[in-house]
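This report concerns only the one structure given below.
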Amino acid sequence: MHFNTLAVAATLAATVSAHTRVYSIWVNGVDQGDGRSTYIRSPPSNSPVKDLSSADLVCNVNGGTPGSAFVTAAAGDTLTFEWYHDNRGDDIIDGSHKGPIITYIAPYTETNGASAIWTKIDEEGLSGSTWAVDNLKSNNGKKDVKIPSTLAAGKYLIRTEIIALHEADAAFNVNSARGAQFYPSCAQLEVTGSGTATPDENFDFNTGYTYSDPGVVYNLYAGSTTYTIPGPEVWTGSGSGSGSGSATTTAKASSAVATSAATSAATSVASVATSAVSSATQVATSAPTTLVTSTKAASPTSAATSTSAAAAQTSSSGSTGAAALYQQCGGRGFTGPTTCATGTCKQWNEWYFQCVSA
Ligand SMILES: [Cu+2]
C-alpha cells in the first residue's frame, strides 16, 4: 500500500510538472488583474485535455462553471493572454511542449460551450522553425490577440488554447498514454463599440477536431517546416449572423471544411442535436469540392507518414524492452524502459525523457 501511494504521488508529480494555464488578460497593455476563477473559468489543475470527444476539450475542466466577472474591452482592442506554469512569471511551459496557439470566440453562455457556437479569430502555428509556444516563452508567457474591429457589442466567451505536440505522433484514441495535449482556457468578455458583425463559423470542437486532422496527429520530430493549424480559417469579420457564406469563407482542408459546412446546415435546419451534427458530419465527408477553396496547403504526405509511424510504434512498444522512437524513456516516477530501440534518450526536463533521433 505504501509503495502504491508513492507510485501514485510520483505519477501525479510527473503529470503536473510541465503544464500551463492562463493567469490574466491585458487590454491594450493594461493588466486586468488575476483573472483566475473570476473572469477566467479556471480548471483545477494545469493538466491537458487529450480526448477529442470530451466536453472538457472546449473550456477545460469546470468550463461550465460561470466566473464572477467579465473583462471589458472595445472591438479592435488588443487582448494579451498571460500564461503561467506554477507561478506567474516562471518558465510558462516546458520547452518540449511545442505547438500552435489558437483563439476562438462564441456568444456568452453559462454552459460549458460544447456545441456549434465557435468562431476562430486568431491563430499562430509554425514559422520557419519557430512555434507559437517558442514565441510565448520568449515573451514571458504573453500572447496578443486582436478583437475584430467589426465585432458586435455584447457578452462573449473567448477561448484560447495551446496544443502541445511533443507526443502527438500517436493519436490519443490509439494510445491513450500519448496524443496531442490541449490546454484550452475560456474567459468571459464584454465587448463594447459600434460593430455589427456576428461571428458565424458555428464550429464545434468535439466534431471539428478529429484524429485524422494533420494538425492533431503530427510528428514534431520529423523535421517538417510546415504545420496545418486545426479548425476553420480565421474569421474575416464580416459575418452577418445568418450563417450564409461561412462555408466558403472558412473553407480549409478536408475534415474542417466538411464539419463546418455540416454544422452550419444542421444549425439552420433545427436546433442543434448532437446526433444530428455528427451524422451530418459523416454525410458531408464527401464534401462538395466547390467548398474547398483552402488557402492553406494540407500535407497528406506528412500526415500519412506520421500516422504509420505512430502505428508502428504502438505495435512495437512493450515487447522489446526498449522504448521506441519518440516514446518516453525516463523521468521521475517513470517505470518503463529507459533505453531506446532507436535514437537516443533525451532529457527534456526532470520528469520527461524521450527517445529522439540522434
Ligand atoms: Cu505538460
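Here are a few things to note about the model shown:
- Signed unit charges on C-beta, dipole axis of the stretch 125-219, positive-most listed residue Ser149, Tyr209, Asn175: Ser149
- Relative compactness, the stretch 318-358, computed as alpha-carbon Rg over 2.2 N^0.38 Å: 1.00
- Sorted by Cβ density within 10 Å, fewest first, the residues Asp144, Asp56: Asp144, Asp56
- Extension gain (nm, one decimal) between Thr72 and Thr130, 0.36 nm per residue minus Cα-Cα: 17.7 nm
Every number in this text was worked out from the coordinates using simple rules, so none of it is lab data. Since the structure is predicted, the reported quantities are computational estimates derived from the model, not experimental observations. We place every Cβ from the backbone using ideal geometry, glycine too, and count neighbours over all the protein chains shown.
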